[in-house]
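This report refers to the structure that appears directly beneath it.
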Amino acid sequence: MSIATPVTRALFDDIMVPCFSPAPFVPVRGSGARVWDQENRMYIDFAAGVAVNALGHCHPALTAALEAQSQKLWHVSNWMTNEPALRLARRLVEHTFAERVFFCNSGAEANEAALKLARRYAHDTVGPQKTQVISMANSFHGRTLFTVTAGGQSKYSSGFGPVPGDITHVPYNDIAALQAAFEEHQDNVCAVILETVQGEGGVIPATEEFLHIARHLCSWHKAVLILDEIQTGMGRTGALFSYMSKGITPDILTSAKGIGGGFPLGAMLTTKEIARVFTPGMHGTTYGGNPLACAVGEAVFDAINTPGLLESVKTRYRLFMAGLKAVQQRRPFCKEIRGEGLLLGCELDGSLQGRALDVVAAAGKAGLLLLAAGPDVVRLVPPLNIAEEDIREGLARLETALSQLSAS
Ligand SMILES: *Cc1c(COP(=O)(O)O)cnc(C)c1O
């Protein structure tokens, strides 16, 4: 291999750690909900970098914010604070339940902070025995050892032990099981962590009843309710954060993915009462609150947190549902289409069961970026501002992909 080796997909296998299996093409530029590869082929983007590019690729307001900040100040560390971080935190505090904000760089880091904060809060306010975390089967919370253990998919955590202890999993939406877990651990539960819609787990919404009971049990047993809104947050379900449309308030909320619009950014939001136990030096991260990330975050926040954008997510939801149902009628491929806002899942049926990755690959060949959520579910998480024309074109390409799959 030399410096002249072309940077193609083949090079990946030669020089990268094989924990990913990327698509055969290499994207080089994007605009809105469209992406072009090295051969200048255009793809319609229903994946948005896994729900990250909430405003599509290279949104002018985000590009402008990044360019302007890049001329001023890139990084100062947490030995100093900075204006973009304070401005973004002020927005989050003004528009959510939160009174305190912690910035980091990814979803896993936000959840790691949330779980550590919950443990420390219980430790300091009740005692060292209050350590149990209740999490949901089939949930996803990130890839650090603590978050991957809290996540309810053993395929991601097995073989990495010993893993952190005192984490119990209950089936999602199972009220009796949640009550039983609280009964078993009595007042030693320090936190419940859950997604309002399980994303990686197959696009499964929590029932409102389950959320309300979880809230109630947490309050009763002095445990904190952590909502992982890393995928559901920042407008994706049609609310700024999805808890706002469910009639419950978390004690800790984690955000990442969409909040940075494509720039690495994560946040943990909480109350003054809980935040106070994290005293200086107890937790941190070098890049958290980085001025570049937070300047982009401000622009993302201002573009998403408008009644017009949030309302239009619901309009686009209806367009997608109608379009997917029409595809389903002409070429049956799934047994259920579900989700909220622009977090949609199609559970595959018949000969396509278990073949979500094949559907994603066929879509790629037809010029459409899709995602899988487990073996049985195809996931759509397009930019929140995707043009109607791109929705139509993407759905047509989905139909092409499905016809090519059934022909092969
Ligand atoms: C993606 C995701 C995470 C992990 O985020 P990273 O930025 O990959 O660490 C955690 N929770 C949920 C619900 C997610 O969708």
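The values are calculated or read from the model by the stated rules, or taken from the named source; none is laboratory data. Quick caveat: nothing in here was measured; it's all calculated off a predicted structure. Every residue, glycine among them, receives a Cβ derived from its backbone with ideal geometry; neighbour counts consider all protein chains shown. These accessible areas exclude ligands, DNA and RNA; they are computed on the full protein's heavy atoms, side chains included. Shrake-Rupley method; radii C 1.70, N 1.55, O 1.52, S 1.80 Å.
Couple of notes before you dig in:
- For ASN290, the amide hydrogen comes within under 5 Å of no other amide hydrogen, counting only partners 5 or more places away or on other chains and with H modelled in the peptide plane.
- For a 4.7 Å threshold on C-beta separation, the list of partnerless cysteines in the chain reads CYS19, CYS58, CYS104, CYS190, CYS218, CYS294.
- For the peptides 156-165, 91-100, 383-392, 226-235, the ranking by packing is 226-235, 383-392, 91-100, 156-165, with the highest mean count of neighbouring Cβ atoms within 10 Å listed first.
- Peptides 238-244, 272-278, 57-63, 249-255, ordered by how many other C-beta atoms sit within 10 Å of their residues on average, highest first, read 249-255, 238-244, 57-63, 272-278.
- Phi to ³J(HN,Hα) by Karplus 6.51 cos²θ - 1.76 cosθ + 1.60 over segment 274-288, Hz, x for Gly, Pro: 7, 4, 4, 6, 7, 8, x, x, 6, 8, x, 6, 4, 8, x
- Surrounding net charge for MET282, when Lys and Arg each add one and Asp and Glu each subtract one, Cβ distance under 12 Å: +3
- Label separation (SER158 vs ARG41): 3.5 nm, computed from points 7 Å beyond Cα along the C-beta direction.
- Each Lys and Arg contributes +1 and each Asp and Glu -1, all at the Cβ; summed about the Cα centre of segment 217-326, the dipole is approximately 360 debye.
- The protection proxy used here, the mean number of other Cβ atoms lying within 10 Å of each residue, ranks peptides 314-326, 136-148 as follows, highest first: 136-148, 314-326.
- Counting protein heavy atoms only, the chain has 56 percent of its accessible area on carbon and sulfur, 1.4 angstrom probe.
- Computed with a 1.4 Å probe over protein heavy atoms only, the accessible surface of segment 219-372 comes to 37 Å² per residue.
- Only helical runs count toward this figure. For the chain, summing -39,500 (n - 2.57) over DSSP H runs of n ≥ 4 and dividing by all residues gives -12000 deg cm²/dmol at 222 nm.
- The distance between label points at SER31 and ASP166 comes to 5.5 nm (points 7 Å beyond Cα on the Cα→Cβ vector).
- Close amide-amide hydrogen proximity is noted between LEU368 and ILE44, each under 5 Å apart and 5 or more residues distant or on a separate chain (H modeled in the peptide plane; Pro and chain starts excluded).
- Residue among ILE337, GLY374, LEU357 farthest towards the positive dipole end of segment 333-382, charges placed on Cβ: LEU357
- Along segment 251-265 the Karplus relation, 6.51 cos²θ - 1.76 cosθ + 1.60 evaluated at θ = phi - 60°, assigns HN-Hα couplings of 8, 9, 10, 10, 10, 6, 6, x, 4, x, x, x, 9, x, 7 Hz to successive residues, with x for each Gly and Pro.
- Karplus-derived 3J(HN,Hα), 6.51/-1.76/1.60, for each residue of segment 242-249, Hz, glycine and proline x: 5, 4, 5, 9, 10, x, 10, 10
- Theoretical FRET efficiency, 1/(1+(r/R0)^6), r = Cβ-Cβ of LYS365 and LEU11, R0 22 Å, to 0.05: 0.55
- Surrounding net charge for ALA407, when Lys and Arg each add one and Asp and Glu each subtract one, Cβ distance under 15 Å: +2
- Sum of side-chain charges, GLY152 neighbourhood, beta-carbon under 13 Å (Lys, Arg +1; Asp, Glu -1): -3
- Segment 266-289 and segment 335-405 have Cα centres spaced 38 Å apart.
- Residues with amide H under 5 Å from that of VAL197, placed H, sequence gap 5 or more: ALA206
- Entries of LYS257/LYS365; LYS222/LYS272; LYS246/LYS335; LYS257/LYS314 with Cα pairs more than 23 Å apart: LYS257/LYS365; LYS246/LYS335
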